[in-house]
Structure formats: structure tokens, C-alpha cells
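Throughout, read-outs are computed from the coordinates displayed, never taken from laboratory work. Please read these numbers as outputs of a predicted model, since none were measured by experiment. Cβ sites come from the backbone with ideal geometry, for glycine too, and all protein chains shown count toward neighbours.
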Amino acid sequence: MGRKRPSGFTLIEVLIAMAITAFVSMIAYTSLSTVMSGVERLRENTDRIYEVNRALMIISRDLRQFANRPVRDEFGEVEPALTGGLLARFPLSFTRTGWHNPNDHPRSNLQRINYRLEDGGLWRDSYAVLDRAADTEPQSVLLLDQVDDLLLTFLPALEALQVQTGGTTIDTANWSENWVADTSVPDQDLAAPVAIEMTLQLEDWGEVRRIYALPPL
């Protein structure tokens with residue numbers, strides 16, 4: 001009888017098995033990497049949605065509590081209760097009420113707020129006093145980053161409100177781009193607008209527009 005050949009795998013079979021294992025591993029890694037990238041993008045998108053909505057909510061809260069109280073700036077000049085636009089010192093500056101005082105400090109419940117754009121971020125300034133001194137410093141908080149531009153327009157009166165064809169969209173094309181006092185008329189009492197449109201140009205989302213109605217005074 002002939003000798004029985006020992007059982008086992010040939011070199012070709014081992015190489016084929018290794019190739020199949022490597023191919024399966026590559027598919028599994030690619031699938032896992034895709035899933036992990038998707039989860040990370042979803043988390044980033046969720047975080048961004050939260051950041052944008054939080055900033056818009058804070059702006060809405062401030063404007064809902066607008067108070068018709070002019071202030072004096074650090075130079076002794078009178079600032080109207082609300083001012084803003086391209087010609088103003090700040091894109092939006094106004095007095096608001098509802099400043100909580102849980103520790104019962106001897107101060108007003110009114111607060112002066114500025115919104116401004118700096119270094120690609122939307123900032124909110126708040127002052128501890130209404131009528132500021134030369135050394136009064138605001139508390140500044142970054143509300144939202146990746147902001148390329150900030151534009152505001154102002155509706156002077158309800159009679160000027162127009163609706164686009166179809167009756168579903170407010171036409172803001174004729175709203176005022178500036179809400180500032182006429183410097184040729186000293187001590188002019190600048191009335192507040194009835195509504196404000198804020199347009200944010202975000203690096204990742206593009207244009208975000210919101211219209212805020214001010215409370216009746």
C-alpha cells in the first residue's frame with residue numbers, strides 16, 4: 001500500500017483565506033468608520049441647532065421685555081430706549097426689564113443690552129447700571145460663533161406693515177435700515193419701532209432671518 005498523504009492546507013488555500021479575511025475586515029472597518037462619522041456629524045449638527053436656537057431664544061426674550069427707558073452712555077450722551085442699524089454705535093442696543101434680582105441687591109430691574117458682531121461671533125453686552133460712567137464695563141457673552149454678518153431692519157408703525165402676495169409672508173423690503181436719533185434735533189425723543197427683523201449670515205447655515213415684535217408701550 002502507498003503512504004497516506006498528510007492532511008492540511010496548501011499555501012494557495014491559506015493565501016485565499018487570508019485575502020478573504022482581509023477583504024471582510026476592510027468592509028467591516030469601512031462600515032464602522034461610516035457609522036461613526038455619521039454619528040459625529042449628527043452630534044455636531046445637533047449641537048449647532050441647539051446653539052442657534054438658544055441664541056435666537058435669548059434675543060427674543062430680551063426684546064419681549066423691552067422698556068421705554070433712555071440711558072446716558074459713558075460720554076454723557078443720551079441714548080434712546082432703542083437704537084440700531086448700520087449708522088448706530090451698535091447694531092442693536094436697548095433697555096429691557098425683567099432683570100432678576102434673587103439676592104435683593106439695591107439696583108433696578110432694568111438693564112441695558114447691546115448686540116454686536118466681533119471676530120465672527122455674535123456678542124451680547126449687559127451693563128450693571130443704566131446710566132454709565134466712564135469706567136463702566138459691560139459683561140460680554142459670546143452667544144453664537146461662525147457669524148459672518150448681522151443686519152437689522154425696523155418697522156416704524158403698524159400702518160407701514162405690508163404682506164407679500166398670498167398673505168403669508170411679511171414684506172420687509174421697505175423697513176428702515178437704521179433706527180437712530182436725528183442729530184440735527186437736540187434731545188429728540190426717538191420712539192421705538194413696533195417690530196425688528198434680524199438677519200444672521202452663518203458660515204455653515206447661510207441666512208437665518210427672524211422677525212421680533214416689540215411689546216406695546
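Can you tell me the convex hull volume per residue for the chain, based on C-alpha atoms, in Å³ to the nearest whole number?
On the way: hull volume 55.6 nm³, N = 217.
Taking only Cα atoms, the chain has a hull volume of 256 Å³ per residue.
From the convex hull of the Cα coordinates of segment 175-217, what is the mean projected area in square nanometres?
4.4
Report relative contact order for the chain in percent, whole number only (criteria: Cα-Cα under 8 Å, sequence separation at least 6).
Across the chain, relative contact order equals 17 percent.
If you stretched the chain out fully between residue 207 and residue 141, how much longer would it get, using 0.36 nm times the residue separation minus the C-alpha to C-alpha distance? Please list the in-between numbers first.
Details: separation 66, 0.36 × 66 = 23.76 nm, distance 2.22 nm.
Length gained between residue 207 and residue 141: 21.5 nm.
Extension gain residue 199-residue 27, at 0.36 nm per residue separation less the Cα-Cα distance, in nm? Kindly include the intermediate steps, with their values, before the conclusion.
Numbers: separation 172, 0.36 × 172 = 61.92 nm, distance 4.54 nm.
Gain in length upon complete extension: 57.4 nm.
Are there any GluC sites (Glu not before Pro) in segment 141-217 that are in a DSSP loop and have at most 15 other Cβ atoms within 10 Å? List them by number.
Filter output for segment 141-217: 177, 203.
Would you calculate, for the chain, the mean residue ellipticity at 222 nm contributed by helices, counting each DSSP H stretch of 4 or more residues as -39,500 (n - 2.57) and dividing by all residues, to the nearest 500?
Taken over the chain, the calculation gives -9500 deg cm²/dmol.
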